[in-house]
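What follows is a single structure, written as structure tokens, with notes after it.
Just so you know, all these numbers are worked out from the coordinates, no wet-lab data involved. Note that this is a predicted model, so its numbers are computed, not measured. Cβ sites come from the backbone with ideal geometry, for glycine too, and all protein chains shown count toward neighbours.
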Amino acid sequence: MKNKMKIGVFSVVLVLLLPLLASCAAQNSDSEDANSAGTTESASQTQGLSDKERIYDGYFYFKGNEYQLPMSVKEFEAIGNFQFMYHGEPAANVNGVDLDPGDVYWDQHFYPEGEKWVNDVRENYLHASLKNRTDKVTDIYDVDVVSVNMNEGFVFEDDLALPGGIKIGSSKEEVLAAYGEPDAAKDTSLYYYYTTEEYDMTVYYGTTVSLDEETGLVTWFNVRVGTK
């Protein structure tokens, strides 16, 4: 008799608990769905940037992979197995070369690892400018890459590209189709940029594309974030 009473009580309790458990499960499911939706929306917003929006925010492509400036010297070296050379020496081994806050170190040399450093052969290295974006004096190897250039005939000419697939050899029509009319133009250069004030100077964010005067094809481009 006692066993029958116990079974009866357990059955009643189970009947009362089932709706509550179902409700909790539904709430957890709704919460997971909401979190999943939020993650998806965030990712889609990032992926949904237009090519023109990307050229104002430091995006570039190397061997099909997307990157964004600014990035540390070490991160930049890693994308192409580069080596940052300072006057013929790997910058990682050079001591005592510092940049003050806001200083830019122009047109530095990033070589394919293992390539012999030759000072007078500009075509053998990738050109990038560095900036100390901190408020402290910082070693040159610990600052950020804020600008990348590509010239016709230089190493990695076929590997470095802008959003929309614009690269050395692209036509003016392709540039305009990807980005629209430039914010400014001078001679054969098209400027897509905006400016801000930083460290008491005007700095530029954006992309410049230069065209051959005769063919109208891209012969040089620059991506920059926060340089003079």
Can you sort Lys186, Lys167 from fewest to most other Cβ atoms within 10 Å of each residue's own Cβ? Lys186, Lys167
Distance in nm between pseudo-label sites at Leu217 and Asp142 (7 Å out along the Cβ direction from Cα): 4.5 nm
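Neighbour counts of other C-beta atoms within 10 Å: give me Val97, Val145 arranged from fewest to most. Please report the intermediate quantities before stating the final value.
Working: Val97 12, Val145 25.
Lowest to highest Cβ neighbour count: Val97, Val145.
Please work out the FRET efficiency for the pair Glu113 and Thr134, using the Cβ-Cβ distance as r and a Förster radius of 30 Å; give the result to the nearest 0.05.
The calculated FRET efficiency here is 0.65.
Per the Kirkwood definition applied to all pairs of different Cα atoms, how many angstroms is the hydrodynamic radius of the range 155-228? The partial results should precede the final answer.
On the way: mean 1/r = 0.0773 Å⁻¹.
Kirkwood hydrodynamic radius for the range 155-228: 12.9 Å.
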Take Ile79 and Glu181, extend 7 Å from each Cα along the Cα→Cβ direction, and tell me the distance between the two endpoints in nm. 3.1 nm
Under 5 Å, built H, 5+ apart or other chain: amide partners of Ser72: Val145
